[in-house]
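*Asks:* Shown below is the structure under consideration.
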């Protein structure tokens, strides 16, 4: 996870936050920037997520993957939409009003065929996932409107490069298989950006874990295993401590319940004894009070 003040962002696999390595913060112009590295996995779907702990101003979020804008959306401020969520997750791009395609990591294909020699000198932006947050001056909000797909936008498709491009084994992101999905209903927001640069910018650079280890960005697998083992041992120790506390608490509660039951039993016996009175037959009552006839 990357975090700047009240704003945080992360890439997730199967709903779990992907660990970020070599985090760096900087300022570019008037933008607050933070970047880090994550390990990509071939054929793995993922989502880009962000959270706004304050929601004091409207923000436009722009998700770009490998240089292609894949999503634009708005998180309104709390005063305008008090019940709106403070977290947004993007895991797909719409291909029509009724279809979607998920974000998927894939391996770049290479070839030695001459017809692909032109790819050697081409500049590519593979390996970068960006989230920009722009401050927005909102002029109008129309609630619960169908989102119309805009056709003709660039998409992320499988790439074939010449082997001299030195991209062998590298990963990039593609749009996965198309599937049917009902049209989205959203609040349509009209407004203008306040600044010339993003207010906050998150950058996730991704490579395979082997490449991250080779470049010294991520610890070796032995170190990772040791770290995981230490973490597991620490977690187990914390669990054992918690169990001991719970057992002590349970013992105290049981003794308290036993003591309370004993006190209630004694109190009940005393009350019954106090409430007992002599029982007389009709004849004995008259004899005791008036004597014999």
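Nothing in this text is a laboratory measurement; each read-out follows from the coordinates by a stated rule. All values derive from a computational prediction rather than experimental measurement. We place every Cβ from the backbone using ideal geometry, glycine too, and count neighbours over all the protein chains shown.
*Asks:* With each pseudo-label sitting 7 Å past Cα toward Cβ, what's the residue 42-residue 140 distance in nm, one decimal?
*Replies:* 5.1 nm
*Asks:* Taking a ≥ b ≥ c as the square roots of the eigenvalues of the Cα gyration tensor of the stretch 1-107, is the shape rounded (a/c under 1.5), prolate (a/b larger than b/c) or oblate?
*Replies:* oblate
*Asks:* Hey, with R₀ at 25 Å, roughly what FRET efficiency would residue 214 and residue 157 work out to, going by the Cβ-Cβ distance, to 0.05?
*Replies:* FRET efficiency, residue 214 to residue 157: 0.35.
*Asks:* In which sequence would 123, 100 go, from the one with the fewest C-beta neighbours within 10 Å to the one with the most?
*Replies:* Ascending number of Cβ neighbours within 10 Å: 123, 100.
*Asks:* Further, regarding this structure: Rank these for me by crowding, 175, 126, going from fewest to most other beta carbons within 10 Å.
*Replies:* Fewest-to-most ranking of 175, 126: 126, 175.
*Asks:* Another question about this same structure. Under a crude label model (7 Å from the Cα following the beta-carbon direction), how far is residue 84 from residue 96 in nanometres?
*Replies:* 3.0 nm
*Asks:* Say R0 is 22 Å: what FRET efficiency, to the nearest 0.05, do residue 181 and residue 73 get from their beta-carbon distance?
*Replies:* FRET efficiency, residue 181 to residue 73: 0.85.
*Asks:* Go through 182-192, 137-147 and give me the packing order, highest mean Cβ count within 10 Å leading.
*Replies:* Order by mean packing, descending: 182-192, 137-147.
*Asks:* A follow-up question, please. If you take the Cα atoms of the stretch 2-218, find Rg, then find the Kirkwood Rh from the mean of 1/r over all pairs, what is Rg/Rh?
*Replies:* The Rg/Rh ratio comes out at 0.98.
*Asks:* With label points built 7 Å along Cα→Cβ from the Cα atoms of residue 121 and residue 27, find their separation and express it in nm.
*Replies:* The answer from the label model is 4.1 nm.
*Asks:* For the ranges 239-250, 63-74, what's the packing order if you count other beta-carbon atoms within 10 Å of each residue, average per peptide, and put the highest first?
*Replies:* Packing proxy ranking, top to bottom: 63-74, 239-250.
*Asks:* Only counting other Cβ atoms within 10 Å, I'd like 202, 105 sorted with the fewest neighbours first.
*Replies:* 105, 202
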